[in-house]
Every structure is written in structure tokens, then in C-alpha cells.
1. Could you report the chain's accessible area per residue, 1.4 Å probe, as an integer in Å²?
2. Tell me, what is the percent relative contact order of the chain, built from C-alpha pairs under 8 Å that lie six or more residues apart?
3. May I ask you to work out the translational diffusion coefficient for region 27-92 at 25 °C, viscosity 0.890 mPa s, via Stokes-Einstein with Rh from the Kirkwood sum over Cα pairs, reported in whole µm²/s?
4. In debye to the nearest 20, how big a dipole does the chain give about its Cα centre with +1 on each Lys and Arg Cβ and -1 on each Asp and Glu Cβ?
5. Would you give the gap between the C-alpha center of region 88-114 and the C-alpha center of region 22-53, rounded to a whole Å?
6. Go ahead and estimate [θ] at 222 nm for the chain from helices alone: -39,500 (n - 2.57) per DSSP H run with n ≥ 4, summed, over the residue count, rounded to 500.
7. For the chain, which whole-number percentage of the solvent-accessible area (1.4 Å probe, protein heavy atoms only) is attributable to carbon and sulfur atoms?
8. Give the residue from A68, L19, L8 lying farthest towards the positive end of the charge dipole for region 1-133; charges sit on Cβ (+1 for Lys and Arg, -1 for Asp and Glu) and the dipole is referred to the Cα centre.
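The values are calculated or read from the model by the stated rules, or taken from the named source; none is laboratory data. Since this is a predicted model, take the numbers as computed values, not measurements. Because the Cβ atoms are built from the backbone with ideal geometry, glycine has one as well, and the counts that use them run over all protein chains shown. All accessible areas refer to the heavy atoms of the entire protein, side chains included, with ligands and DNA or RNA removed. Shrake-Rupley method; radii C 1.70, N 1.55, O 1.52, S 1.80 Å.
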Amino acid sequence: MQIGTIDLDKLRGVGDKILGLAKETAGVLAGNDNWQREGESQQAKATETLKALRKEADAQAKESKADALGAKTGQRGRSGVFGEAKGKLKSTAGSVVGNPDLQREGDDEAAKGGAEREATEARAEAKAHQAKARADEASQNRAAVRK
């Protein structure tokens, strides 16, 4: 969610990093291992959350690129790896038979498929970071219950 140009999730992630660092520092200074561990865990969760947000933004940018290329080629929908391979074959065929239009069309299709593949990869990385953040949060909760 955004308010103006500020993404609240990013703001929350940065706030968690700051609070985690403060907690860890207080734990070090006070000689309290629990505070130190809690602070480290809170920072780890925030780091993974911020990484997930960056990867999701990257995925959205790549999908926008793929959509723009799809509009140029008249292709709708997602084709990913298959579209990339098909485009490369079409481009090669155009080159072999001396058809620059076919080669250009193949290059565009390959670029669209490549952008879609990259978007899928970025989204998968974002989900992995989200899962790591949830695991870090669960660890924090377990540590809080143990007190």
C-alpha cells in the first residue's frame, strides 16, 4: 500500500531493521542475550521482507516490458520459456532463409518470452524471501513465548 510516494511496506521493513538494530545494541550493552537474539531475528525478517519487495517490483517491471513487447508483436498472454525458444527458432529461420521480417519478429518474440521468464524468476525469488521472512517471524514468536 502506498501513501503518496511512500510505500508503507518498505517503511515498515526499514522501521523493523532500525528497531532490530536498537534491540540488538541494547542487548549487547546490557549483556542480555535474549534481546540480542531478538534484535538479530527482527533484522533478518526485515531484510527478507525488503528483498521480497524489491524482487516483486522487479517482476512487475519485467512483466510491463513483456506486455509492451507483446503489444508490438500482437501477442497476448504469457509464453515465457516456450515463447523465448520459439522466437529464437523463428529468428534463426529468418536469418537462414534471408527473411529480415521473420528474423525481426522472432527477435521480438524471443525478447518478450525472455522478459516473461525473468519476471517469473523474480517472482519466485520474491516468494522465497517472503517465506524466509515468515520463518524469521515465527522464530521471533517462538522466542517471545519462551520468555
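1. 62
2. 27
3. 157
4. 320
5. Result: 52 Å between the Cα centres.
6. -32000 deg cm²/dmol
7. After summing per-atom areas, the C and S share lands at 56 percent.
8. Towards the positive end, the residue furthest out is A68.
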